[in-house]
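Have a look at the structure below before the remarks.
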Ligand code: BGP
């Protein structure tokens, strides 16, 4: 068998994209709660105050808050032994700055974890998945404010203490490297104080983003160190949006361009979190871009002391980079790139590249030599019901199958250390980039639509039964 017998099989979600109940039981607004819906053609907007008669998809989402028992039972039926979810920071500290946590919020996650454990499902918890309290955006310009480090630590200490007997696997920040891109301004560094408008047009300050990233690195390292000291049973991971960038041609300029892109997009953040230090080229990069990263005494030491135990990443697509100006462009997760003539793309223009996953697993393992986990992967697609009223999503099965095959090769033929696989949006949920429901990833269909209508009922797709077989055969039957 390629995969170890304790391989973690499951699915991934984020609180803001599926819980709903955005203001229930004392929850405060997060940055995601201020985002409207959009589409592939029309970017979603963030609004500094909530506008009347406007749809904010996170507010109801798919209402996991009131459906968690049914949903977790469905995950168990598929055979999950792991479930990636996030804690909504604003359920625990509605503005981020309260002295005492909100008990109703804590109690909700107790129920969710208990339910998972009763089904022998190990929770894998993202501590911050695009859910910064909006109050901190208004007050500190999000993570640009150093104050957020202490507030994040306070939040982590509370959830570590409360859930120490229920949760073993933790990820500090979802796709922390999205802060290296302009789009990261909204959901990741949350450096969008006072801004109302399309998420693609936020006035960008590279200085603010990279300063915010430094604060996130310090915050992450501080809580990793704290957890290691107080809860030796915990395993803490980072989480990177891994975008494999190939040189567009073998022209040396393209090779250098691809190296540059791989460094900035993929390695800059994970070197800090795994190796405990900024890569050697960071200083030059800051200089060349006029960045002045403010650090306090002890920051570089804490980065060294708070390195993660395992490396996790999302993988959806790859792109090409190069100096050609006439090459066609393609969309992608967080960044766009040049079109690869050898690949097909999803309806949202994300290029489908299973072999790129094998390549990425090897690149990452070669660099870091710590266990890895693919915590997001999947095909966002429109699902139409067949004449029998069911969803026959063979396209999704094809996508997932081909990626699992490549994971297998990376393990079996190449020898990488892979702990598990949690494909994205195991149940249909709100898209992070567009706010749509129509961009579906799930094994479970949710009756909820872009205009906010739908009775929220859940149905099994063909991929549900397929994944059930994959898990029960530990990846042998694909
Ligand atoms: C990642 C995010 C997720 C998720 C996924 C799919 O970047 O971590 O939150 O949504 O991508 O993206 P989308 O929802 O935009 O299709």
At 1.567 mPa s and 4 °C, Stokes diffusion of the range 209-336 via Kirkwood alpha-carbon radius, µm² per second: 80
Along principal axes, Cα extents of the range 81-155, largest first, whole Å: 41, 21, 17
Calculated [θ] (222 nm, deg cm²/dmol) that DSSP helices of n ≥ 4 give over the chain, each run adding -39,500 (n - 2.57): -10000 deg cm²/dmol
Cα shape, the range 271-371, gyration tensor, a/c 1.5 rule: oblate
Semi-axes of the equivalent ellipsoid for the range 152-194, Cα gyration tensor, largest first, Å: 27, 13, 6
Mean Cβ count within 10 Å, highest first, over the residues of peptides 417-429, 10-22: 10-22, 417-429
Rg to Rh, two decimals, where the range 371-478 supplies the alpha carbon set and Rh follows Kirkwood: 1.01
Kirkwood hydrodynamic radius of the chain, Cα pairs, Å: 22.3
Translational diffusion coefficient (Stokes-Einstein; Kirkwood radius from C-alpha pairs) of the range 25-123 at 10 °C, 1.306 mPa s, in µm²/s: 103
Cα-only radius of gyration and Dmax that characterise the range 306-357, units Å: 13.4, 45
Principal axis dimensions, largest first and in whole angstrom, of the range 155-255 by Cα: 51, 41, 20
Proxy reagent accessibility, fewest Cβ within 10 Å first, across 158, 308, 272: 158, 308, 272
Percent of alpha-carbon pairs separated by more than 18 Å within the range 423-478: 39
Value of relative contact order over the range 269-355, rounded to a whole percent, pairs C-alpha under 8 Å and six or more apart: 23
Cα pair distances in the range 1-47, grouped into 10 Å bins until the bin that holds the longest one, percent each: 19, 34, 21, 16, 10, 0
P(r), alpha carbons of the range 28-79 - 5 Å bins starting at zero, rounded %: 5, 17, 20, 17, 13, 12, 11, 4, 1
Extension gain from residue 70 to residue 275, taking 0.36 nm per residue of separation minus the Cα-Cα distance: 69.7 nm
Spherically averaged projected area of the range 104-205 from its Cα convex hull (nm²): 7.5
Inter-part distance where the range 423-478 and the range 158-205 are each reduced to a Cα centre, Å: 24
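Values quoted throughout were computed directly from the atomic coordinates according to the rules given, and no laboratory measurement underlies them. Note that this is a predicted model, so its numbers are computed, not measured. Every residue, glycine among them, receives a Cβ derived from its backbone with ideal geometry; neighbour counts consider all protein chains shown.
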